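Chemist: Have a look at this one before I ask anything.
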Amino acid sequence: MDTLPELLAPAGDWHSFVAAVQNGADAVYLGTTQFSARQEAENFSLEQLSEAVSYAHSRGCRIYVAVNTLISGAEMPEAIRLAESLGEIGVDALIVQDLGLAANLRLLLPEIPLHASTQMSIHNTAGAAFLAELGFTRVVLARELSLDEIAAVVKGSPLDCEVFVHGALCFSYSGNCLLSSMIGGRSGNRGRCAQPCRLEYSLVNREGKVEAGEVGGPYLLSPKDLNTLKHLADLVKTGVKSLKIEGRLKRPEYVATVVKAYRLALDNLKRPGGVDFTRVHKEVEQVFNRDFTSGYLYTNPGRDLISYQKPSNRGRLLGRVKQVSKGVIWVELSEPCAVGDGYEIWQSGNGRSGGTIKALLKNSHHGWQEVQQAEPGEIVGFHFTGTANVGDLVYKNRENQLLQQAGSTYKSEHETLAIPVTLRVTAKIGKPCTVSFTDPLHLCGTAKTDFIVEQAVHHPMDCSDLLQQLNRLGNTPFVIKDYYCEADPGIMVPKSELNRVRREAIANLFKARLSYFAPIRLASCEPAPLVKRYSACLEGPRRHRAVPEPLVGVVVDSWASLERAVIAGANLVYLADTGFNPTEQTFDTAEKLGAALDLCSRNGVRGIFCLSPINTDRQLERYQQIIEDLLAEHKSLIVSVGDYGALQIVSKLGVPFYTEAQLNTFNAYTADFLTCAGAGLVQLSPELTLKQIGELNQASVAAGEILVHGHQVVMISKHCVLGSVAGGLSATTPCQAPCRSGEIYGLKDRLGKVFPLRTDRQCRMYLFNSVELCLIEHLLEIGRAGVSSIRIEGRLYEPAQLEQIVRRYVEAWSLVWAGPEDSESAKERLLQLRNELEPPTGITKGHLFRGVL
């Protein structure tokens, strides 16, 4: 294996950064105190970053800075200034999510490489091609891809591809999760996710009956941690350029342990042998795990993906309780343990209690005595708090020795990192002594003594004496591997001079390495195609694309709902290819879609083919064929897209398109970019406030649409809770398809709220908000904010109910457009309509007034 991928490590603070570099990372990704998707981490100031860049580059390590949150319009100038400062510091690339920020950076700072964050949810080749046309150099692929899908994107994309190989998994497709945002206002898209997926839920049917299945715990949305140590050879074969470890919120010891393990495993692929991988795997498991999974690399793991019993670190099984007596538990060990280790008792009924082992008791010939450590097979006792019963499992969730070992790699003055160098010394009488250090890249640092080498009078020196003095490299990353010396016999050079020349030569080697590892800057050239188009669009006349009539759009995925939406007076009907109800006629073929479009056309309604927001390459090929078939009879076809791959496909086909909320249009720059790319209508982010919507519409040329009613999609996941819990789906067992039974299911949280759950025809799970969005009473303000079109999410309603909702919004929106805007009677009627629509479970106004953190 000639070339290994880059090993990319996380750093949430300085200690973690040093741990990553010292344990063999080729690159480190980190964030500043602004616009980072891990705002809970300590992160880095610009001053710290400057120091980090020098530290990393001199040790052959790259620095990528995450500027990977959505950026509001008001924040955009500050974000661009930050990017400019990061470029001046010398970071190697920026990791970006926000499309508007990316477009601006390609225009203003085209020399800085951009990496597309996993928050952009790129899961197909066309999506990577779209980013290439925007000027990105690397894409972080979605975690849900299989090995074959990864290889296909690598082969078909001009971009370097990066994949996650270890750490926490998001339950939802990244960038498509609004659960934390809607529950508590803490947005994952803004780096503030509260991780509600790690809480308890139960699967219930429409009567509220719990479907328990045989999963053994209530944490239905809490994935195990990704671990691919045993699968690196297969990942390397895909051709990916970078292997990424998750963990910017983890402690430095975690970073040290995991980076070291992956460094050893990768190097072992090139030079097999000499590594005790049993120990390596144990250390990785011990430092942090929620149990492990290989994710979706080989198959859909179903219930094998989820850590049902515990959403946080479990450590390694220490043993089982043999006896409980007077505040002491006696445990038969399956793992070594020592004083200072942490423990957790797993009680029957899912109870947990734990603490630190402060003293160990062990039986001996002299009775019970205290010991410092014990080995597997022995029975030991220690004091505990809480409750325990015979037979309970005990886990070691902290190993003191491992933490100390890992901590030494970033706390010690002596560096763990070992860069081999060749030392050459020339010491001839009558000439300065010359010292040079050369690294494996043939970079060299040289220095000469001011002192002229003399014949010794009392203490002659030879080559071994010179080496002893010049080998004092303990506080550097360099280790002398080879030594060449040319010295006259019986010479003398002051040790102070040798110390000085050693420091100077090493300093010069550091300078050479800093120069060699200077950040790559992209050459000045013709702007990327989409950037060029965006620039030309901005330079043209700035005309807001206001629509000439009030538009009410409705999302449906069945023929019955389509008919009711048309009868009720909807202007736009989004024909969604989800098929949530398998017993009804849906829009899964060109023939069925054609009939639906004909129905719309006959009634003066605009029918829009709404593609799935998540698409594999195969699914996009299917969509392309359907669109080409439809164009033969429907020349005015419009398609709505929710991922960049679909956008790329319809753009190349020349088909008019709208964009969905999954593209996260959070500022006028993104709206303008999508409009310049050809979007006729742009659905705005549901995380915007009314004030932000108004500011966006005022600054943008786009025609904007917002969702005003319905259960809002808060998650899209490749993992189906229904199939895994009620359908028995696992890595080895097929799903029994309970979604096809006609029953309706939801997830009930600890507060008793039920989040509706549906499964699409690709077996992806859609989770909807527990409370209906209803903004009808605020349509006057929404109209004044410049919104062109309003949308109703209609897929969860019975057709007759949907008709009544649409009728009321058609009346209300027409009332707004008719004016006058300050009409008290209009306000009264809107409030009356709100009261007619409000269900017993209440309504939410989403983020219209509260916004997100």
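Chemist: Search segment 155-176 for residues that are under 16 Å from F136 (Cα atoms) and touching a residue at least 12 places away in the same chain (Cβ under 8 Å) and pair each with any residue that is polar (S, T, N, Q) and not in a loop (DSSP other than H, G, I, E, B) when their beta-carbon atoms are under 6 Å apart and the residues are at least 6 apart or on different chains.
Modeler: As it stands, the answer is G156/T125; S157/T125; E162/S242, since those pairs meet every condition given.
Chemist: Being over 12 Å from the mean Cα position of the chain (by Cα) and outside any loop (DSSP other than H, G, I, E, B) is the filter here; which residues of segment 140-164 pass it?
Modeler: Residues of segment 140-164 over 12 Å from the mean Cα position of the chain (by Cα): 145-161.
L147, D148, E149, I150, A151, A152, V153, V154, K155, G156, D160, C161, listed by residue number.
Chemist: Here is a further query. Within segment 698-708, can one find any residue that is open to solvent by less than 10 Å² (accessible area, probe 1.4 Å), of a type in the set (D, E) and under 25 Å from V852 (Cβ atoms)?
Modeler: yes
Chemist: Test of understanding: among V21, V67, V28, which residue is open to solvent by less than 40 Å² (accessible area, probe 1.4 Å), within 30 Å of L684 (Cβ to Cβ) and either hydrophobic (A, V, I, L, M, F, W, C) or without any contact (Cβ under 8 Å) to a residue 40 or more places away in the chain (or both)?
Modeler: Values: V21 fails: within 30 Å of L684 (Cβ to Cβ); V28 fails: within 30 Å of L684 (Cβ to Cβ).
Of the residues listed, the single one that is open to solvent by less than 40 Å² (accessible area, probe 1.4 Å), within 30 Å of L684 (Cβ to Cβ) and either hydrophobic (A, V, I, L, M, F, W, C) or without any contact (Cβ under 8 Å) to a residue 40 or more places away in the chain (or both) is V67.
Chemist: OK, next. Given the structure, is S72 in a helix (DSSP H, G or I) and among the hydroxyl-bearing types (S, T, Y)? Lay out the reasoning, then the answer.
Modeler: Details: in a helix (DSSP H, G or I): no; among the hydroxyl-bearing types (S, T, Y): yes.
No, not satisfied.
Chemist: Related question: Residues to consider are P420, P376, P432; find the one that is at pLDDT 95 or above and under 22 Å from R314 (Cβ atoms).
Modeler: Values: P420 fails: under 22 Å from R314 (Cβ atoms); P432 fails: under 22 Å from R314 (Cβ atoms).
Exactly one of P420, P376, P432 is at pLDDT 95 or above and under 22 Å from R314 (Cβ atoms), namely P376.
Chemist: For I429, only one of the following conditions fails: (1) assigned to a strand (DSSP E or B); (2) open to solvent by 30 Å² or more (accessible area, probe 1.4 Å). What is its number?
Modeler: The failed condition is (1).
Chemist: Of the residues in segment 388-426, how many are open to solvent by 60 Å² or more (accessible area, probe 1.4 Å) and not polar (S, T, N, Q)?
Modeler: Taking segment 388-426 and keeping what is open to solvent by 60 Å² or more (accessible area, probe 1.4 Å), we get 389-390, 398, 401, 404-405, 411, 413-414, 416, 418, 424.
Right, trim to not polar (S, T, N, Q) and you get 390, 398, 411, 413-414, 418, 424.
Matching residues across segment 388-426 total 7.
Chemist: Could you check segment 290-387 for strands (runs of 3 or more DSSP E) lying wholly inside it with 2 or more residues that are of a type in the set (D, E, K, R), within 28 Å of Y219 (Cβ to Cβ) and open to solvent by 30 Å² or more (accessible area, probe 1.4 Å)?
Modeler: 316-325
Chemist: So D148 ticks every box in (1) crowded, with 23+ Cβ neighbours inside 10 Å; (2) of a type in the set (D, E); (3) free of Cβ contacts under 8 Å to residues at least 60 places away in the same chain but one. Which box is left unticked?
Modeler: (1)
Chemist: Determine whether S515 is over 16 Å from R424 (Cβ atoms), open to solvent by 70 Å² or more (accessible area, probe 1.4 Å) and out of contact with any Lys or Arg (no Cβ under 8 Å at 6 or more places or on another chain).
Modeler: On the way: over 16 Å from R424 (Cβ atoms): yes; open to solvent by 70 Å² or more (accessible area, probe 1.4 Å): yes; out of contact with any Lys or Arg (no Cβ under 8 Å at 6 or more places or on another chain): yes.
Criteria met by S515.
Chemist: Follow-up question, since we're still on this one. Counting only residues that are open to solvent by 20 Å² or more (accessible area, probe 1.4 Å) and assigned to a loop (DSSP other than H, G, I, E, B), how many does segment 111-127 have?
Modeler: So in segment 111-127, the residues open to solvent by 20 Å² or more (accessible area, probe 1.4 Å) come out as 111, 119, 125.
From what's left, assigned to a loop (DSSP other than H, G, I, E, B): 111.
Count: 1.
Chemist: Please list, ordered by first then second residue, the pairs with beta carbon atoms under 7 Å, 6 or more apart or interchain, first in segment 816-831 and over 15 Å from V787 (Cα atoms) and open to solvent by 90 Å² or more (accessible area, probe 1.4 Å), second assigned to a helix (DSSP H, G or I) and at pLDDT below 75.
Modeler: none
A quick yes/no check of all residues on (1) of a type in the set (D, E); (2) closer than 15 Å to A568 by Cα; (3) open to solvent by 30 Å² or more (accessible area, probe 1.4 Å):
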| residue | (1), (2), (3) |
| --- | --- |
| E772 | yes, no, no |
| L775 | no, no, no |
| G783 | no, no, no |
| S788 | no, no, no |
| I792 | no, yes, no |
| R795 | no, no, yes |
| Q801 | no, yes, yes |
| I805 | no, yes, no |
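Chemist: Give the number of residues within segment 457-490 that are part of a strand (DSSP E or B), of a type in the set (D, E, K, R) and more than 46 Å from the chain's Cα centre (by Cα). Outline the logic, then answer.
Modeler: Quick first cut of segment 457-490, residues part of a strand (DSSP E or B) only: 461, 478-487.
Those still in the list that are of a type in the set (D, E, K, R) too: 481-482, 486.
Within this subset, residues satisfying the condition of being more than 46 Å from the chain's Cα centre (by Cα) are 486.
The qualifying residues number 1.
Chemist: Please enumerate the residues belonging to segment 251-289 that are in contact with a strand residue (DSSP E or B) (Cβ under 7 Å, 6 or more places away or on another chain), within 17 Å of A168 (Cβ to Cβ) and open to solvent by 20 Å² or more (accessible area, probe 1.4 Å).
Modeler: E285
Chemist: May I pose another question? So the check is Cβ under 7 Å with 6+ separation or different chains; which pairs have a first residue in segment 253-271 that's more than 17 Å from A27 (Cα to Cα) and a second one that's part of a helix (DSSP H, G or I)?
Modeler: Partner pairs satisfying both residue conditions: E253/V287; E253/L403; E253/A406; E253/G407; L269/L232; L269/A233; L269/V236.
Chemist: For residues that are without any contact (Cβ under 8 Å) to a residue 24 or more places away in the chain and within 30 Å of S515 (Cα to Cα), scanning just segment 441-469, find the one that is surrounded by the most Cβ atoms within 10 Å (Cβ to Cβ). Before the answer, list the steps.
Modeler: First, pick out the residues of segment 441-469 that are without any contact (Cβ under 8 Å) to a residue 24 or more places away in the chain: 442, 452, 458, 464-465, 468.
From what's left, within 30 Å of S515 (Cα to Cα): 442, 468.
Numbers: H442: 9, Q468: 12.
Once the filter is applied, the top-ranked residue is Q468.
Chemist: Given the condition open to solvent by 10 Å² or more (accessible area, probe 1.4 Å), at pLDDT below 95 and more than 21 Å from S789 (Cβ to Cβ), answer yes or no: does some residue in segment 613-626 qualify?
Modeler: No, because not a single residue in segment 613-626 is open to solvent by 10 Å² or more (accessible area, probe 1.4 Å), at pLDDT below 95 and more than 21 Å from S789 (Cβ to Cβ).
Chemist: So L830 passes all but one of these: (1) assigned to a loop (DSSP other than H, G, I, E, B); (2) closer than 23 Å to L572 by Cα; (3) among the aliphatic types (A, V, I, L, M). Which condition number does it fail?
Modeler: It fails just one condition, (1).
Chemist: Take the residues in segment 392-417 that are out of contact with any Ser or Thr (no Cβ under 8 Å at 6 or more places or on another chain) and assigned to a loop (DSSP other than H, G, I, E, B); name whichever of them is modelled with the lowest pLDDT.
Modeler: Here the answer is E413.
Chemist: Look at segment 128-145 and say how many of its residues are touching an Asp or Glu at 6+ places or on another chain (Cβ under 7 Å) and open to solvent by 10 Å² or more (accessible area, probe 1.4 Å).
Modeler: Count: 2.
Chemist: From V573, V556, V566, V552, which residue is within 32 Å of the chain's Cα centre (by Cα), modelled with pLDDT of 95 or more, among the β-branched types (V, I, T) and open to solvent by less than 30 Å² (accessible area, probe 1.4 Å)?
Modeler: On the way: V573 fails: within 32 Å of the chain's Cα centre (by Cα); V566 fails: within 32 Å of the chain's Cα centre (by Cα); V552 fails: within 32 Å of the chain's Cα centre (by Cα).
Only one candidate qualifies: V556.
Chemist: Among the helices (runs of 4 or more DSSP H) lying completely within segment 705-824, list those that include at least 3 residues that are touching a strand residue (DSSP E or B) at 6+ places or on another chain (Cβ under 6 Å). I'd like the intermediate steps shown before the answer.
Modeler: On the way: elements: 721-725, 779-784, 799-818.
Ranges flagged: 721-725, 799-818.
Chemist: Go through segment 643-663 and count every residue that is part of a loop (DSSP other than H, G, I, E, B) and either crowded, with 24+ Cβ neighbours inside 10 Å or in contact with a Phe, Trp or Tyr (Cβ under 8 Å, 6 or more places away or on another chain) (or both).
Modeler: First, pick out the residues of segment 643-663 that are part of a loop (DSSP other than H, G, I, E, B): 643, 654-656, 660.
Okay, now just the ones that are also either crowded, with 24+ Cβ neighbours inside 10 Å or in contact with a Phe, Trp or Tyr (Cβ under 8 Å, 6 or more places away or on another chain) (or both), so 643, 660.
Going through segment 643-663 one residue at a time, the tally reaches 2.
Chemist: Another question about this same structure. Filter segment 724-736 down to residues that are within 18 Å of Q309 (Cα to Cα) and open to solvent by less than 10 Å² (accessible area, probe 1.4 Å), then give me how many there are. Can you show your working first?
Modeler: Applying the first criterion (within 18 Å of Q309 (Cα to Cα)) to segment 724-736 yields 724-726, 728-730.
From what is left, the residues that are open to solvent by less than 10 Å² (accessible area, probe 1.4 Å) are 724-725.
Looking only at that region, the number is 2.
Chemist: Given the condition under 20 Å from F510 (Cα atoms) and surrounded by fewer than 23 Cβ atoms within 10 Å (Cβ to Cβ), answer yes or no: does some residue in segment 77-85 qualify? I'd like the intermediate steps shown before the answer.
Modeler: Just the residues of segment 77-85 that are under 20 Å from F510 (Cα atoms), to begin with: none.
No: segment 77-85 contains no residue that is under 20 Å from F510 (Cα atoms) and surrounded by fewer than 23 Cβ atoms within 10 Å (Cβ to Cβ).
Chemist: Name the pairs: first residue in segment 343-363 and touching a residue at least 24 places away in the same chain (Cβ under 8 Å), second residue outside any strand (DSSP E or B) and loosely packed, with under 14 Cβ neighbours inside 10 Å, Cβ to Cβ under 6 Å, at least 6 apart or on different chains?
Modeler: Correct list of pairs: S353/G386; G355/T385.
The values are calculated or read from the model by the stated rules, or taken from the named source; none is laboratory data. Just so it is clear, the model here is predicted, and its values are computed rather than measured. In this analysis, Cβ positions are derived from the backbone assuming ideal geometry, glycine residues included, and neighbour counts consider all displayed protein chains. Note: accessible area is taken over every heavy atom of the protein model, side chains too, but ligands, DNA and RNA are not part of it. Shrake-Rupley method; radii C 1.70, N 1.55, O 1.52, S 1.80 Å.
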